[in-house]
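One structure is given below, encoded as structure tokens.
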There are 2 protein chains.
Amino acid sequence: MQTRRRQIEDVASALFSHRGYAATSMRDIAKALDLQGGSLYAHIPSKEAVLAAIVEEAADGFHAAVRPIAEGPGTAAERLRAMIGAHVGVVTGGRDRAKVFLFEWTFLASERREAVTRSRAVYQGYFERVIGEGVAAGELEAPDPELAAVFVLSAMNGMAHWYRPDGRLGPDALAEQYADLFLEGLQARASLAHEGAR
Amino acid sequence: MQTRRRQIEDVASALFSHRGYAATSMRDIAKALDLQGGSLYAHIPSKEAVLAAIVEEAADGFHAAVRPIAEGPGTAAERLRAMIGAHVGVVTGGRDRAKVFLFEWTFLASERREAVTRSRAVYQGYFERVIGEGVAAGELEAPDPELAAVFVLSAMNGMAHWYRPDGRLGPDALAEQYADLFLEGLQARASLAHEGAR
């Protein structure tokens with residue numbers, strides 16, 4: 001049963017990711033699974049329920065990967081670097097599911113959509129908070145930690161559109177370079193601010 | 001006639017942007033325009049032709065805004081800052097059209113899709129080239145100009161998902177902050193490299 005559900009979600013993730021949620025029917029999902037349309041309903045009550053399951057599981061994956069790092073030990077820069085690695089790992093580790101979570105969640109019906117909106121805000125908050133802690137410690141400089149968090153999250157989420165497992169750079173190299181691109185600016189500003197204060 | 005086409009494209013952009021191309025029918029477009037399905041075909045031959053028109057026009061908009069800056073005078077950092085301003089301006093100036101161009105173009109049939117792929121590569125190339133020129137001039141440091149271009153373009157393109165005209169920050173402020181976030185890292189590395197060389 002559990003395996004069947006996972007199989008349904010995998011197939012649905014691929015269809016939602018490539019065609020979009022709105023253009024995929026329960027019949028399409030059933031067909032891709034070689035099932036009769038009707039027997040799919042024995043496993044899942046509706047298309048939206050499959051979307052909700054995919055989105056909630058993906059959200060759990062992002063939170064579980066990033067939250068312990070955000071709340072763990074280390075300087076802000078160290079934690080942000082590890083958080084970028086974790087986020088890139090989740091995006092590249094399951095591109096279809098990540099893409100559905102990142103870009104198709106808006107098709108959820110209002111109650112679930114509100115819950116996902118809250119969960120996304122909490123998630124973005126991990127990045128905002130650690131950036132803010134780095135600023136407070138004089139380690140980083142960012143006039144607008146919220147916008148800086150949106151900036152780096154958007155940059156990473158773009159990978160869901162273009163990442164290929166057979167591409168020139170693997171997930172670790174990509175994460176390392178993205179962390180450099182993001183952090184060196186925040187760190188440079190902080191040292192300039194210190195220079196100025198001397 | 002020209003106005004009618006523009007009206008059709010505006011309505012189609014909004015529908016494609018909100019529901020996705022695949023989930024929007026010619027009937028939906030006609031209905032939103034208060035037209036009979038059949039009379040829409042007097043103006044446009046197919047749904048894909050509308051998508052193609054929107055995508056090509058949007059692509060022209062991005063190229064026309066950014067290319068003259070990339071090829072114009074100024075240091076690499078100055079040009080990149082202005083290019084970021086121009087790109088953010090196009091994204092925020094017509095969010096629906098930008099969103100269709102950025103995320104729905106993959107639904108074009110293969111010939112047109114290949115043309116758009118080439119056009120996108122040329123566009124990304126403006127950023128890559130100016131970053132590379134900055135590196136060559138010792139003004140910027142970026143071990144991988146291609147990836148740095150993808151990074152900043154993805155960050156900006158994310159705005160097509162979240163930008164609201166009534167939001168906290170306008171297009172100019174957003175562009176300014178994104179340029180700071182991106183450029184200060186590249187500039188900081190270059191000064192570190194110079195320090196090391198002294």
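Since every read-out is calculated from the coordinates, none of them should be taken as a lab result. Every value quoted in this text rests on a predicted model; they were computed, and no experiment measured them. All Cβ positions, glycine included, derive from the backbone under ideal geometry; neighbour counts span all protein chains shown.
If you take the alpha carbon radius of gyration of the protein assembly as shown and divide it by 2.2 N^0.38 Å, what ratio comes out, to two decimals?
For the protein assembly as shown, the normalised Cα radius of gyration is 1.04.
Local charge sum around B:Ala22 (other residues, Cβ-Cβ under 9 Å, Lys/Arg +1, Asp/Glu -1)?
+1
Using the alpha carbon gyration tensor of region A:56-108, what are the three equivalent-ellipsoid semi-axes (square root of 5 times each eigenvalue), largest first, in whole Å?
24, 11, 8
Compute the distance from the alpha-carbon center of region A:90-104 to that of region A:157-184, in whole Å.
First find each Cα centre; the distance between them is then 14 Å.
Measuring nothing but label to label, 7 Å from Cα along Cα→Cβ, what are B:Arg113's distances to the other copies in nm, shortest first?
2.8
Around B:Leu102, with a cut-off of 12 angstrom between Cβ atoms, what is the net charge of the other residues, counting Lys and Arg +1 and Asp and Glu -1?
Net charge around B:Leu102: +2.
What are the nm distances, shortest first, from A:Arg6 to its equivalents in the other copies, labels at 7 Å along Cα→Cβ?
Here A:Arg6 shows inter-copy label distances of 5.5 nm.
To one decimal in nm, how far is A:Ala137 from the same spot in the other copies, if labels go 7 Å from Cα toward Cβ? Please give the shortest first.
Output for A:Ala137: 3.6 nm, nearest copy listed first.
Decide, for region A:112-185, between rounded, prolate and oblate: order the square roots of the alpha carbon gyration tensor eigenvalues as a ≥ b ≥ c, take rounded if a/c falls under 1.5, and otherwise choose prolate if a/b is larger than b/c, else oblate.
Oblate is the answer for region A:112-185, as a/c is 1.5 or above yet b/c matches or exceeds a/b.
With just the Cα atoms defining each centre, how far is region A:13-69 from region B:1-40? Give it in Å.
29 Å
If you scale each eigenvalue of the Cα gyration tensor by 5 and take the root, what three semi-axes come out for chain A, rounded to whole angstrom and sorted largest first?
Equivalent ellipsoid semi-axes, largest first: 38, 16, 13 Å.
Take peptide B:156-162, look around each residue's Cβ out to 10 angstrom, count Cβ atoms belonging to other protein chains, and average those counts.
4
Tabulate in residue order the Karplus-calculated ³J(HN,Hα) for region A:80-85, using 6.51 cos²θ - 1.76 cosθ + 1.60 with θ = phi - 60°, rounded to whole Hz; enter x for Gly and Pro.
4, 4, 5, 5, 5, x
Taking N as the number of residues in region B:18-63, what value does Rg over Cα atoms divided by 2.2 N^0.38 Å take?
Compactness ratio reported: 1.24.
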